[in-house]
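The values are calculated or read from the model by the stated rules, or taken from the named source; none is laboratory data. Because the structure is a prediction, the values reported are computed rather than measured. Virtual Cβ from ideal backbone geometry, glycine too; neighbours counted across all protein chains shown.
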Ligand SMILES: [Fe+2]
């Protein structure tokens, strides 16, 4: 079920319209990668789902985490749009894949019972979870806020990150975490460092400003997800 996007400039647009009209052109402008390259490409490294997935039914409402249904106040924090394509290792788009995200709010707090022992602040206006379905070009899109860091243990603070789970039309579920470049906490993060350094750029993405002249002044993260697994064509080893 979709809800109306209430952000200035997007009033009255439905969830799908946010994805397919307002953002698609801008995203194309900031993405320099071709849609149908022939070469094999590196798969996106997988990452643990962690303890904060799926506390609620339904799991997610739509792809706009900034507003909750029935509330008029947006979530606190730095608003970003996160968008990209889901592909196989031949750069072919995977249409109809369900893409879920979940994340901490701007204060580093998950709205999840497993995080109830945290003294970090809850944001009653932050959706925390979202989902989208990829279109014919494999594109998905979310509006959310940049998550805050949070302590996982006395000597480990997790850097800002967004959890992704992809449910492709064929094949198995795929989980990863997306990080932000230039975060000092990235350097010592135990989960990020499970990934070879040469592959960090595949899960560590910059926040980029809006293209010159773009309306709305949105900030974007361009994050493509490449599935390499049974059910989609994967690079032979
Ligand atoms: Fe997390």
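Data table
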| item | result |
| --- | --- |
| Which listed residue is surrounded by fewer than 22 Cβ atoms within 10 Å (Cβ to Cβ), more than 19 Å from the chain's Cα centre (by Cα) and modelled with pLDDT of 95 or more, from 187, 90 | 187 |
| Filter result for residue 216 (part of a loop (DSSP other than H, G, I, E, B) and modelled with pLDDT of 95 or more) | no |
| Checking residue 104 against (1) away from the ligand (no atom under 16 Å from the Cβ); (2) part of a loop (DSSP other than H, G, I, E, B); (3) within 23 Å of residue 223 (Cβ to Cβ); (4) modelled with pLDDT of 95 or more, the condition it does not meet | (1) |
| When residues of segment 139-174 are limited to those that are within 16 Å of the ligand (Cβ to nearest atom) and surrounded by fewer than 16 Cβ atoms within 10 Å (Cβ to Cβ), the one nearest to residue 123 (Cα to Cα) | 151 |
